[in-house]
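Each remark here refers to the structure printed beneath this line.
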Amino acid sequence: MTTCTANQLEAKKAKFVFCDWMDTNIVQNLVKIRNAGLFGLVDLLGQVVCACKYDEIEELQDGYFKVSKKGSWGVITSSGEEVFPCSASTIYYVENGRVICGMDDDVYSIKLKEAKKDSVG
């Protein structure tokens, strides 16, 4: 995790005029932002990767983030694509293309939706 200095952050903040708060930590080359109480992600150029539509966003591993909506958790990729809908009571981790999560007082291992690949050429 890279942390911006106050001066570096202030220089970048001008690019993020659409948010009312932004985190000082850079995670996977992304910055967590908040607008109207909801969280999203932008890249270091100020491009929106994930619109501000989640109650919370937290880093997982391997390019994934856990996100919550109305008390339920899901998983998005670092490109903002939802690969597991917000339906679990908790997300423990992602491993080998599967999310380990809690639902209905049990622990499940559920295959993630395959993320779209960017076409080359």
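The values are calculated or read from the model by the stated rules, or taken from the named source; none is laboratory data. For clarity, every value in this text was computed on a predicted model and none was experimentally measured. Reconstructed Cβ throughout: ideal geometry from the backbone, glycine too, with neighbour counts over all protein chains shown.
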If you check 94, 75, which single one turns out to be outside the structural domain of residue 26 (by TED's automatic domain parsing) and in contact with a Cys (Cβ under 9 Å, 6 or more places away or on another chain)? 75
Which residue is modelled with the highest pLDDT, if the candidates are limited to the range 78-103 and must be out of contact with any strand residue (DSSP E or B) (no Cβ under 8 Å at 6 or more places or on another chain) and not in a strand (DSSP E or B)? 81
Checking residue 107 against (1) closer than 24 Å to residue 31 by Cβ; (2) touching a Cys at 6+ places or on another chain (Cβ under 8 Å), which test does it fail? (1)
Which one is modelled with the lowest pLDDT, of the residues in the range 50-77 that are surrounded by fewer than 20 Cβ atoms within 10 Å (Cβ to Cβ) and over 17 Å from residue 94 (Cα atoms)? 51
If you take the residues in the range 1-26 that are surrounded by 17 or more Cβ atoms within 10 Å (Cβ to Cβ) and under 25 Å from residue 71 (Cβ atoms), which one is modelled with the highest pLDDT? 23
